[in-house]
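The values are calculated or read from the model by the stated rules, or taken from the named source; none is laboratory data. Model, not experiment: these values are computed from the prediction. With ideal geometry, Cβ positions are generated from the backbone for all residues, glycine too; neighbour counts draw on all protein chains shown.
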Amino acid sequence: MAVRILIVACLAALFLGTCITVNGLPTEVTHAYCRIVWLLGLPCERVSMAILTQIKAMGSYKLVSVAAALIQANHTSAVGQIENVNITFAGTAMSMGCHVEGTSVSAFWFSLFDNGTNYCNLHNIIEGSGLTKAPGFIEYTNEWLCLGMGSSACK
């Protein structure tokens, strides 16, 4: 029953862009964060491998955990700020595609406005992996789900 209530609460909060998960657990939104959903027309195994390869190639990321449906990493920015990055994978029923959710949450409570750092963490992974050119690639996010996205200048 509690799990059902939590799911309903998160779905309602998702509509408002305020439910974020860190290490698989819901957290209060007192930190800068970003949540992006990507849809791809590729099998999740292939998507996961491309993202994992990209994270390993980027020196500012440290892998925390890798499983079939979840990749967890920490990103350290040039100024020493740490963000928790989680990427989950779920197959789609149509066209054997993959539903991918990426979250990036700043570790420090005082970094609520990060000028798009969390957006860039996720954007740089997906862009660098080449998956933005994959068949059926679609990205869903907005300023409610991804604070500072509009002011980001990803490099």
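Please indicate, with yes or no, whether at least one residue in segment 122-138 is modelled with pLDDT under 80 and either closer than 18 Å to Y61 by Cα or touching a Leu at 6+ places or on another chain (Cβ under 9 Å) (or both). Looking for residues that are modelled with pLDDT under 80 and either closer than 18 Å to Y61 by Cα or touching a Leu at 6+ places or on another chain (Cβ under 9 Å) (or both), one finds none in segment 122-138, hence no. Could you check segment 27-68 and list, in sequence order, the residues that are acidic (D, E) and assigned to a helix (DSSP H, G or I)? The one that is acidic (D, E) and assigned to a helix (DSSP H, G or I): E45.
Listed by first and then second residue, the pairs with beta-carbon distance under 9 Å, at least 6 apart or on different chains, first residue in segment 95-110 and closer than 19 Å to M149 by Cα and modelled with pLDDT under 80, second among the polar types (S, T, N, Q) and in a loop (DSSP other than H, G, I, E, B), are F108/Q81; W109/T30.
Close contacts from segment 65-76, counting a first residue that is more than 10 Å from I55 (Cβ to Cβ) and modelled with pLDDT of 95 or more and a second that is part of a strand (DSSP E or B) and of a type in the set (D, E, K, R), with Cβ to Cβ under 6 Å and a gap of 6+ residues or different chains, come to N74/K62. Residue count for segment 45-62 satisfying the condition of being within 11 Å of A90 (Cα to Cα) and within 15 Å of the chain's Cα centre (by Cα): 2. Of the residues making up segment 116-136, those that are more than 21 Å from S106 (Cβ to Cβ), of a type outside the set (S, T, Y) and surrounded by fewer than 15 Cβ atoms within 10 Å (Cβ to Cβ) are G130, K133, P135, G136.
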